[in-house]
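One structure is given below, encoded as structure tokens.
Bear in mind these aren't lab numbers, they're just calculated from the coordinates by the rules spelled out. Worth saying up front: this structure is predicted, and the values here are computed from it rather than measured. Glycine also receives a Cβ, built like all others from the backbone with ideal geometry; neighbour counts cover every protein chain displayed.
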Amino acid sequence: MLWENLREEEFENAIKESKGLCILPVGCLEKHGQHLPVGTDVIHITEIAKRAAEIETAMVFPTMYFGEKTGAGEFKGTVIFFTGIKTADIKGNLQRNLPQRF
């Protein structure tokens, strides 16, 4: 189940069906050579999360972007977040959504 595809009235059933299990995909935006997009990590982890949720019923939370990669910042398209800021962002988002029982 993809969080962003549910309507408000579907969440209660989604919580029951997933037994509160939620997957948070996290990926980087960085160069992967000339043959792949900068979102390769995000594309892969999002698909892995979707497939995992098909095997073990779970809610797939919207993918979060995280990029703390030293040495990659010189490449166009790379997005780097400071670890402390992004960690606080992820933690805050999870805490904010815990009342929904995920």
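Quick look at the values:
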quantity: Label point 7 Å beyond Cα of Lys16 along Cβ direction - residues of segment 38-69 with amide nitrogen under 11 Å; calculated: none
quantity: Taking the chain and dividing mean pair separation by its residue count, relative contact order in percent (alpha carbons under 8 Å, at least six apart); calculated: 34 percent
quantity: Calculated [θ] (222 nm, deg cm²/dmol) that DSSP helices of n ≥ 4 give over the chain, each run adding -39,500 (n - 2.57); calculated: -12000 deg cm²/dmol
quantity: Label-point separation, Ile80 to Ile55 (7 Å along Cα→Cβ), nm; calculated: 3.4 nm
quantity: Cβ-based exposure ranking for Ile55, Ile23, Ile45, in which fewest neighbours within 10 Å come first; calculated: Ile55, Ile45, Ile23
